[in-house]
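Working notes for the structure below.
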């Protein structure tokens, strides 16, 4: 992390001088006041200069974008990456010709990528971010598929009057099924097993 | 491929200078061996190997010219 210690007649002047050295702006840094300084008698005797330490904050969002861009490029896939940031939620939207490579079977590559970006962005950062990576509307399509699956399996549970267990899914995919079946209210659902084998059970 | 592994692992560890990726080409497969600083081992493996699994998933998905199977060995 970049940091610099600077001094000046006042705290404000010291900060300014540090910002110039770092070539950045006030909102990009954290200021640690080491000595507030003293005016001294008539501004001459016993005056002490103010000393501050200025630390450049890591721009987590920028780093996340660099990370995903670099990884995808190194995977040998050409993709356009659009980023939207909504307070502490970052969404990356990938598009391109060979996008299937980045999605993988049942989105496993997309999910792995999402998990790695999540780790990279939240590593020793101040702000906690959640990360979603979408590719060519995959998440929306997947949501429709999961809702359809959930409804069909609920029908089956009611018909055979037995519990129906679904295959393991990540948390947010289970949530989609839980919420659609909760809305309907005809069956109860819960999750069973330990990650990464946690799966939904539908009870009539 | 080596660059891919390094670019994934670098932001996850505290000692990026200690990342070593070695390649071992065998008859039917190419084995990449990833070694990191001792303190960082947990950061590339994760709880129940979750991070290691994610790294492998991304690495195996990458396109390669070779027809050989790729393996990623961690530590």
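For chain A, the longest principal axis of the Cα atoms and the long axis of helix A:108-122 meet at an angle of about 20 degrees. Every Cα-Cα pair in chain B was counted, and those over 19 Å apart are 30% of them. Label positions at residue B:68 and residue A:186, each projected 7 Å from the Cα along the C-beta direction, are separated by 5.6 nm. Could you give log10 I(q)/I(0) at q = 0.11, 0.12, 0.14, 0.16 Å⁻¹ for chain A, computed by the Debye formula over C-alpha point scatterers of equal weight, without solvent? The calculated log intensity ratios at q = 0.11, 0.12, 0.14, 0.16 Å⁻¹ are -0.70, -0.77, -0.90, -1.04. With the cut-off at under 11 Å, measuring from each backbone N in the range B:1-26 to a point 7 Å along the Cα-to-Cβ line of residue B:37 picks out B:13-19. Distance from the alpha carbon centroid of the range A:75-137 to that of chain B works out to 19 angstrom. Placing pseudo-labels 7 Å out from each Cα toward the beta carbon at residue A:161 and residue B:15 gives an inter-label distance of 6.4 nm.
Neighbour counting of Cβ atoms within 10 Å sorts the residues A:103, A:34, A:180, fewest neighbours leading, into A:34, A:180, A:103.
Highest mobility in the GNM of chain B, judged by mean-square fluctuation with C-alpha springs under 10 Å and restricted to B:13, B:36, B:58, is found for B:58. Placing a pseudo-label 7 Å from each Cα along the Cα-to-Cβ vector at residue A:80 and residue A:98 gives an inter-label distance of 1.9 nm. Residue exposure proxy: B:37, A:89, ordered by other Cβ atoms within 10 angstrom of their Cβ from fewest to most, comes out as A:89, B:37.
Here, each number is a calculation from the coordinates, and none is a lab measurement. Computed from a prediction, not measured in an experiment: that's the story for all the values here. Cβ: placed from backbone, ideal geometry, glycine included. Neighbour counts: every protein chain shown.
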